[in-house]
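Down below is the structure, laid out as structure tokens.
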Amino acid sequence: MSRRSRGIFITFEGPDGAGKSTQVELLAQALAEREPLVFREPGGTELGERIREIVLHRPESMSAEAEMHLFMAARAELLRTRIEPALAAGRIVIDDRYQDSTLAYQGGGRGAPVDWPASFPKPDLTILLVLPPDVGLDRIRSGGKGLDRLDAEPLDFHRAVAAAYDRLAAADPDRFLRVDARGAPEEIHAEVLGRVRSLLAESEVRASS
Ligand code: TYD
């Protein structure tokens with residue numbers, strides 16, 4: 001497979017309350033000249049937004065496995081209809097959560113049998129914002145935004161999610177950039193942007209060689 005026409009796929013991961021959305025926005029602004037496409041999961045398609053409503057905001061109980069499939073169904077739709085065409089056209093895609101979220105939350109947090117489907121592309125870079133689970137929970141509980149079904153889980157669940165993220169990052173150190181989310185947003189952004197700029201420079205070297 002030729003990599004020449006492929007764009008750059010960047011994902012953001014981390015616990016709730018780590019400031020992910022702020023960092024996604026700052027990165028998109030910094031890369032504005034290259035017109036990156038930004039998505040958040042679950043969502044980004046009509047089907048994905050409906051699944052988001054069911055999986056995050058409905059009171060019905062659901063098994064861990066059903067929850068896993070719902071997140072992955074939304075992702076499959078986003079991949080096929082938006083992300084893959086954009087990457088094939090050489091665009092930069094920034095995704096606010098991706099398969100690592102399902103591995104961490106449904107796999108690590110709930111114990112569901114999650115794997116990585118062969119048809120889901122691996123990101124070129126995954127930025128993991130690291131925050132102690134109690135700090136993240138305090139931030140969202142005092143943030144006045146309202147809790148989703150996952151936010152409302154007890155501290156032990158969020159500890160298991162954080163541990164799963166640590167294992168994922170340790171197993172794939174080339175793909176992950178771990179950043180301490182307790183720093184100032186501008187400092188975190190500078191670290192993220194530094195890594196993204198070297199990724200872009202590498203891909204330009206590859207494309208011209
Ligand atoms: P997000 O939109 O990042 O919420 P917030 O802005 O409140 O951090 O993510 C929504 C929630 O969905 C979050 O609690 C994590 C959860 N989630 C999963 O459990 N599995 C997944 O695969 C995804 C994409 C999200």
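The values are calculated or read from the model by the stated rules, or taken from the named source; none is laboratory data. Remember, it's a predicted structure, so these values are computed and weren't measured experimentally. Cβ: placed from backbone, ideal geometry, glycine included. Neighbour counts: every protein chain shown. Remember, those area values only see protein heavy atoms, side chains included, never the ligands or the DNA or RNA. Shrake-Rupley method; radii C 1.70, N 1.55, O 1.52, S 1.80 Å.
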* To do: At 1.4 Å probe size, with every protein chain present, just tell me what the per residue accessible area of segment 59-209 comes to in Å².
  => 48 Å²
* To do: Could you tally the net charge around Trp116, taking each other residue with its Cβ under 13 Å from the Cβ of Trp116, Lys/Arg +1 and Asp/Glu -1?
  => 0
* Which loop GluC sites (Glu not before Pro) in segment 14-66, with loop taken from DSSP, have no more than 16 other Cβ atoms within 10 angstrom of their Cβ? -> Glu60
* Asked: Within the accessible area of the chain, what % is carbon and sulfur when the probe is 1.4 Å and the other protein chains stay in place?
  -> 52 percent
* Asked: If you take the beta carbon distance between Ala170 and Leu193 as r and set R0 to 35 Å, what does 1/(1 + (r/R0)^6) give as a FRET efficiency, to the nearest 0.05?
  -> 0.90
* For segment 1-59, state which trypsin sites (Lys or Arg not before Pro) are in a DSSP loop and have at most 16 other beta carbons lying within 10 Å of their beta carbon. => Arg3, Arg4
* Asked: For Arg141 and Glu46 in the same chain, what is the full-extension length gain: residue separation times 0.36 nm, less their Cα-Cα distance, in nm?
  -> 31.3 nm
* Solvent accessible area, Å² - Phe176, 1.4 Å probe, full protein context -> 10 Å²
* **Formal net charge of residues neighbouring Phe176 (Cβ-Cβ distance under 9 Å; K, R +1; D, E -1)** => -2
